[in-house]
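The values are calculated or read from the model by the stated rules, or taken from the named source; none is laboratory data. Predicted, not measured: the structure shown is a model, and the values here were computed from it. So basically every Cβ, Gly included, is an ideal-geometry build from the backbone, and we count neighbours across all protein chains shown. For accessibility, only protein heavy atoms count, side chains too; no ligands or nucleic acids. Shrake-Rupley method; radii C 1.70, N 1.55, O 1.52, S 1.80 Å.
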Amino acid sequence: MMHSPIFIRDLSLSFSEKVCFEDFSTEIHSGQRIAIIGRNGSGKSSLLKLITGEIAQTFGRVEYKKDCVFGYVPQVILNPDASSGGEHFNQRLSSALRDAPNILMLDEPTNHLDITNRRSLMRMLQKFSGTLILVTHDPEVLRTCVDTLWNIEGGKVEVFSGNYDHYMHERLDRRRLLESELSALSSEKKSGHESLMKEQARASKSKAKGQKSIDQKKWPTVVSKAKAGRAQETSGQKKANIQKGRRDVMDRLSELRRPDELKPTFSILGKAVGDGVILNIREGVVRYGERVILEGVYLSLLVNERVAIVGNNGSGKSTLMKAILDERNVRRLGDWTMPKLEDIGSLDQHYGRLSPEKTVFEVIAEVMVESSHAEVRRHLNAFLFRTNEEVAYKLKHLSGGELVRVSLAKIAARVPKLLLLDEVNNNLDLETRQHVIDVLREYPGAMLLISHDADFLEAIGVSKTYVIEGGGLVEK
């Protein structure tokens, strides 16, 4: 599985509208385990393709010898009607492994995987003895399967040796050190200003005293204009040095950009949530057309409870959600006690309930019908849509992360009693993932969600998990 080193020399990637990164140089050695991270749209997948030769280098070059055998699996993109991302991924992975590669390159491999496929992939990644290069935002993969991070940010690629936890700790330490330097410079500037004020006061007092002595014919030593000028010049140079030091620290701080935080205010009436049980299914049966998908379903959800549903792809998780939403072609039998449809909100990874031709402002204004233009703008500002241009964008032109923020803004503007979430953390960069977590932590109603990401479920406070197996629903 050994291979000669791969040399990346002065590699740059840019498109007509933006520069992703410039002048990236590094070496990849046999057995390295690299994760490429960064915001959505930063160029992660393109960097992977540049290395494999899927796209040609325009600036810079990638050099490797014939003993380098690449296995490449691109990101699986599912449309809303697709049923099994795991099946698509496994087919592509098997094809990539057929040539016994010593360099395996995977783009977002854990997206769309159910529990069984996810566990199998994690075992394979940990046992693979060749070189791994992954594009991923999966915290478990970043912690357990890699030893090097390439972070694309601010037009460059930063290389870090260690896993994601080590990386974040080092960034935090660097930020604290820089903030300490900035504080010291501010103190020095304040001290210098106070010294200058005292010196000017002394000079003024000395001048007055000197003039009095001249008037009285005593002729004492008086501070000359030249000496005063030199003092002023020294003070000015010191201030300039402090300003330069401050600019240098600010530049370094900007390289450690702290992600914007979402701090929404949920617009919800005191009686909107209520108390007690909000969803209760007894002896439930779910059919898709004439085919029975689930039967013997028992599920109860309190008004402020967070419950996860897991299970293999195709087991009926999304169909159960569709049954709760009373979607066409899905029939439900048995005893179902639920809130009204207008009190149920839903969000899935395809954002199917958003109108692509509407602007960001229009989507939220339709929900905040009794609010003024200024109030809608303030609400959008909390979700990082701040400029006139940003609120005027049509949804069809937004990135995945921006669509998530619009969806969260819509939920917060008119809070449903019950929120259904179907794999919402798929395809999200680490920053947007944190935005979702921040908002869902504050959400005041009941939540039923589909996810196989244990870190995500823990972060938002899921208290109970059900598993779909054998056509039924079992509490884990």
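May I ask you to derive the FRET efficiency for E22 and E283 from their Cβ-Cβ distance with R0 = 60 Å, giving the value to the nearest 0.05?
Efficiency, from the Cβ-Cβ distance: 0.45.
Quick query: amide H of N427 versus all other amide H atoms, modeled in the peptide plane; which residues come in under 5 Å with a sequence gap of 5 or more or a different chain?
Long-range HN contacts for N427: none found.
Count neighbours as other Cβ atoms within 10 Å of each site's Cβ, and list the trypsin sites (Lys or Arg not before Pro) in segment 17-108 that are DSSP loop with at most 12 such neighbours.
Details: sites: K18, R33, R39, K44, K49, R61, K65, K66, R92, R98; in loops: R39, K65, K66, R98.
Sites meeting the loop and neighbour criteria: K65, K66, R98.
For segment 39-105 and segment 122-165, write down the distance between their C-alpha centroids in whole Å.
Measuring centre to centre over Cα atoms gives 15 Å.
Of the chymotrypsin sites (Phe, Trp or Tyr not before Pro) in segment 38-112, which ones lie in a loop per DSSP and count no more than 12 other C-beta atoms within 10 Å?
For chymotrypsin sites (Phe, Trp or Tyr not before Pro) across segment 38-112 that sit outside H, G, I, E and B with at most 12 neighbouring Cβ atoms in 10 Å, the list is empty.
Kindly report, to the nearest 10 Å², the accessible surface of S45 as traced by a 1.4 Å probe over protein heavy atoms only.
Spelled out: S45, probe radius 1.4 Å, area about 40 Å².
Using θ = phi - 60° and the Karplus form 6.51 cos²θ - 1.76 cosθ + 1.60, what ³J(HN,Hα) does each residue of segment 35-50 get, whole Hz, x for Gly and Pro?
Per residue, the Karplus-derived 3J(HN,Hα) values read 10, 9, 10, x, 5, 4, x, 7, x, 5, 5, 5, 5, 4, 5, 5 Hz.
For segment 292-401, which trypsin sites (Lys or Arg not before Pro) are in a loop by DSSP, counting at most 12 other Cβ atoms within 10 Å?
Sparse-neighbourhood loop trypsin sites (Lys or Arg not before Pro): R328, K340, R353.
Amide H of L279 versus every other amide H placed in the peptide plane: which residues, excluding those fewer than 5 positions away on the same chain, fall under 5 Å?
When sequence neighbours closer than 5 places are left aside, the close amide H contacts are L301.
List the residues, sorted by chain then number, that are 5 or more residues from V157 or on another chain and whose placed amide H is less than 5 Å from its amide H.
E22
Classify segment 1-113 as rounded, prolate or oblate from the Cα gyration tensor: take a ≥ b ≥ c as the square roots of its eigenvalues, call it rounded if a/c is under 1.5, otherwise prolate when a/b beats b/c and oblate if not.
Details: a/c = 2.34, a/b = 1.21, b/c = 1.94.
Oblate is the answer for segment 1-113, as a/c is 1.5 or above yet b/c matches or exceeds a/b.
If the label point is 7 Å along Cα→Cβ of R378, which residues in segment 339-359 have backbone nitrogen under 11 Å from it?
Inside the label zone: nothing.
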